[in-house]
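Colleague: Sharing a structure here in structure tokens format.
The values are calculated or read from the model by the stated rules, or taken from the named source; none is laboratory data. These numbers come from a predicted model, not from an experiment. Cβ coordinates were reconstructed from backbone atoms using ideal geometry, including for glycine residues, and neighbour counts include every protein chain displayed. These area figures cover heavy atoms from the full protein model, side chains too; ligands, DNA and RNA do not enter into them. Shrake-Rupley method; radii C 1.70, N 1.55, O 1.52, S 1.80 Å.
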Amino acid sequence: MSEQSRRPRKPYRRPKKDPVRVLAFDALRAVDERDAYANLVLPPLLRKAREKGDFDTRDAALATELVYGTLRRQGTYDAVLAACVDRPLREVDPPVLDVLSLGVHQLLGTRIPSHAAVSATVELARVVLGDGRAKFVNAVLRKVAQDDLDGWLERVAPPYDEDAEDHLAVVHSHPRWVVSALWDSLGGGRAGIEDLLEADNERPEVTLVARPGRATTEELLREEAAVPGRWSPYAVRLTEGGEPGAVDAVREGRAGVQDEGSQLVALALANAPLEGPDKRWLDGCAGPGGKAALLAALAAERGALLVASEKQPHRAGLVAKALDGNPGPYQVITADGTRPPWQAGSFDRVLVDVPCTGLGALRRRPEARWRRRPEDLDGFAPVQRALLTTALESVRVGGVVGYATCSPHLAETRAVVDDVLKQHRDTELIDARPLLADVPALGDGPDVQLWPHLHGTDAMYLALIRRTA
């Protein structure tokens, strides 16, 4: 018997299951496999973990950071991993890549000590991948741990002077085409684009809206760590994250979760000057109901009716839920806004917040940046133009249409408005800036583009159009 065979083998040790990292892994797999959004997947996973007694508040915060941090920095981390793996990343099994990305985020994007980040991730790999692939994870992460984030960026990002867009794409973790589009929308300048890309990678605050006639900001400000909104008189920010579902007014539907940019769009339309009556309002793309709920409450204060139209039946159900209990008259209908059941000229105010790429909400849905492609713009363009055209036909002479998108891409904003208005000479653009009087840096007008780095909002776009004949 050889000396080696006489050596006692190490007893097999079961991998230790870490509920926080297993949950983060499960969330990433759902995002990847089902094209789910983290902001929809994560809350029920956290709720279930709390009910089982596996999680406390700190655990939930860590799991949230691991998921969102990994998704936001995916482009940067992929560049680092590509330098540490001996084959193209597309040949690495997606579950293995998710575990590696979680490990890289802990090493380069958190204050977790390197040895703890590696050992915890390898243990996760043993649980969800098996011992064989855990060895691969261990070898790769030990290479990553040899440098910090700045050091890795020096190695994997091209110099700015040689390829500015690719440099920014790697350093700030955005696809190159998105960097280019956002830069065009901003109008150039390095400082502005870097500030915007950095803002996209920051965790946004939770913003609530007190629906008029149903809740007040004073009530919401009694919540822990609540402060007034920056721009909207109905906004309250929860500065330490906070759990909206724990707020009575939110749970009862008297308040909601709504970015201030969305609130400002609704307020600007509601306050735009009109010629003639002000009794019938339309939200032509109402799902999931946030803007509709605010508009309905504002309409109720004036004795006006809001019609909330939504094409998708399940989203129309969400609209109905959001409007339930509104103090004034309203109607929710399931209808295609490009082929409306109502007669032309039926409304005094019309809002169309059109389907778009969502590039204005990358703070909240970081995975969207990796799913979208430039060709997606071609898919949205006909619908955006058709919805704006129908909105202009639906408003009476003297009435106002608000065209809104949660995207700053010029192909989804000014290009759409310019194209449609060329076909509708009986219209005029209204300067929207005075309706957002306290908001700085709104540009040259007459339309308005909000920005995360300038206004702390999603990058909402708004054009106000009056029908003149």
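Colleague: Going by a ≥ b ≥ c, the root eigenvalues of the Cα gyration tensor, does segment 146-293 fall in the rounded group (a/c under 1.5), the prolate group (a/b larger than b/c) or the oblate group?
Modeller: Taking the square roots of the gyration eigenvalues as a ≥ b ≥ c, segment 146-293 is oblate.
Colleague: Let me ask you something else. What distance in nm separates the simple spin-label points at Gln146 and Leu221, each placed 7 Å from Cα in the Cβ direction?
Modeller: It works out to 5.6 nm between the two label points.
Colleague: Give me the distance between the Cα centres of segment 16-31 and segment 390-469, rounded to whole Å.
Modeller: The distance from the Cα centre of segment 16-31 to that of segment 390-469 comes to 42 Å.
Colleague: Further question: Can you list which of the GluC sites (Glu not before Pro) found in segment 179-225 are DSSP loop residues with at most 13 other C-beta atoms within 10 Å?
Modeller: Glu202, Glu224
Colleague: Express the relative contact order of the chain as a whole percentage, based on alpha carbon pairs under 8 Å and six or more residues apart in sequence. Please list the in-between numbers first.
Modeller: Details: 828 pairs, mean separation 54.1, N = 469.
RCO, the chain: 12 percent.
Colleague: I've got another one for you. Per residue, how much accessible surface does the chain expose to a 1.4 Å probe? Answer in Å², no decimals. Each step should come with its number before you reach the end.
Modeller: Numbers: 21450 Å² over 469 residues.
Dividing the accessible area of the chain by its residue count gives 46 Å².
Colleague: Nothing charged except the Cβ atoms of Lys and Arg (+1) and of Asp and Glu (-1): what's the magnitude of the dipole of the chain about its Cα centre? Round to the nearest 20 debye.
Modeller: My answer is approximately 1880 debye.
Colleague: Something else now. Along Cα→Cβ, 7 Å out, is where each label goes; now give me the distance between the ones at Arg251 and Lys135 in nm to one decimal.
Modeller: That separation, rounded to one decimal, is 5.2 nm.
Colleague: Still on this structure: For the pairs Lys48/Lys321; Lys279/Lys422; Lys17/Lys291; Lys17/Lys143, note any where the Cα-Cα span goes beyond 31 Å. Write out the running numbers ahead of the final one.
Modeller: Values: Lys48/Lys321 24 Å; Lys279/Lys422 29 Å; Lys17/Lys291 43 Å; Lys17/Lys143 24 Å.
Flagged as over cut-off: Lys17/Lys291.
Colleague: Further question: Take segment 97-232, compute every pairwise Cα distance, and split them into 10 Å bins from 0; I just need the percent in each bin.
Modeller: For segment 97-232, the binned pair fractions read 10, 26, 22, 24, 15, 3, 0 percent.
Colleague: Let me ask something else about it. Under 1.5 on a/c is rounded, so check that first for segment 232-377, then, if it is not, pick prolate when a/b is larger than b/c and oblate when it is not; a ≥ b ≥ c are the square roots of the alpha carbon gyration tensor eigenvalues. List each step's numbers first, then the result.
Modeller: On the way: a/c = 1.66, a/b = 1.18, b/c = 1.41.
Taking the square roots of the gyration eigenvalues as a ≥ b ≥ c, segment 232-377 is oblate.
Colleague: Quick one: go through segment 370-410 and flag any residue whose amide nitrogen is under 18 Å from the point 7 Å out along the Cα-to-Cβ line of Trp342.
Modeller: So the set is 386-404.
Colleague: With a cut-off of at most 15 other beta carbons within 10 Å, and DSSP calling the residue loop, which trypsin sites (Lys or Arg not before Pro) in segment 133-227 qualify? Please list them. Could the numbers behind the result be given before it?
Modeller: Values: sites: Arg133, Lys135, Arg142, Lys143, Arg155, Arg176, Arg190, Arg214, Arg222; in loops: Arg214, Arg222.
Sparse-neighbourhood loop trypsin sites (Lys or Arg not before Pro): Arg222.
Colleague: Give the residue list of chymotrypsin sites (Phe, Trp or Tyr not before Pro) in segment 93-196 that are DSSP loop and have at most 14 other beta-carbon atoms within 10 angstrom.
Modeller: Values: sites: Phe136, Trp152, Tyr160, Trp177, Trp183; in loops: Tyr160.
Passing sites in segment 93-196 are Tyr160.
Colleague: Same structure again: Using θ = phi - 60° and the Karplus curve 6.51 cos²θ - 1.76 cosθ + 1.60, what whole-Hz ³J(HN,Hα) does each residue of segment 175-187 get, with Gly and Pro shown as x?
Modeller: x, 4, 5, 5, 4, 4, 5, 5, 4, 4, 5, 6, x
Colleague: Considering amide H positions built from the backbone, and no H for Pro or chain starts, which residues 5 or more places from Thr427, or on another chain, come under 5 Å of its amide H?
Modeller: Result for Thr427 returns Thr468.
Colleague: Using only helices, what value at 222 nm comes out for the chain when you add -39,500 (n - 2.57) per DSSP H run of length 4 or more and divide by the total residues, to the nearest 500 deg cm²/dmol? Please list the in-between numbers first.
Modeller: Working: 21 runs with 225 residues, N = 469.
One gets -14500 deg cm²/dmol as the mean residue ellipticity at 222 nm.
Colleague: HN-Hα J couplings of segment 194-207 from phi, Karplus 6.51/-1.76/1.60, θ = phi - 60°, integer Hz, Gly and Pro as x?
Modeller: Going residue by residue, I get 5, 4, 5, 5, 5, 5, 4, 9, 9, 6, x, 6, 7, 10 Hz, with x marking Gly and Pro.
Colleague: Also, quick follow-up: Can you pull the percent of segment 153-300's accessible area that's carbon plus sulfur, 1.4 Å probe, other chains left in place?
Modeller: Details: 2770 of 6010 Å².
Here it works out to 46 percent.
Colleague: Further question: Going by a ≥ b ≥ c, the root eigenvalues of the Cα gyration tensor, does segment 347-400 fall in the rounded group (a/c under 1.5), the prolate group (a/b larger than b/c) or the oblate group?
Modeller: Verdict is oblate for segment 347-400.
Colleague: Another question about this same structure. For the residue pair Arg230 and Glu202, what label-to-label distance in nm results when each label sits 7 Å from Cα along the Cα-to-beta-carbon direction?
Modeller: For the pair Arg230/Glu202, the computed spacing is 0.7 nm.
Colleague: How big is the gap, in Å, between the Cα center of segment 306-329 and the Cα center of segment 91-146?
Modeller: 45 Å
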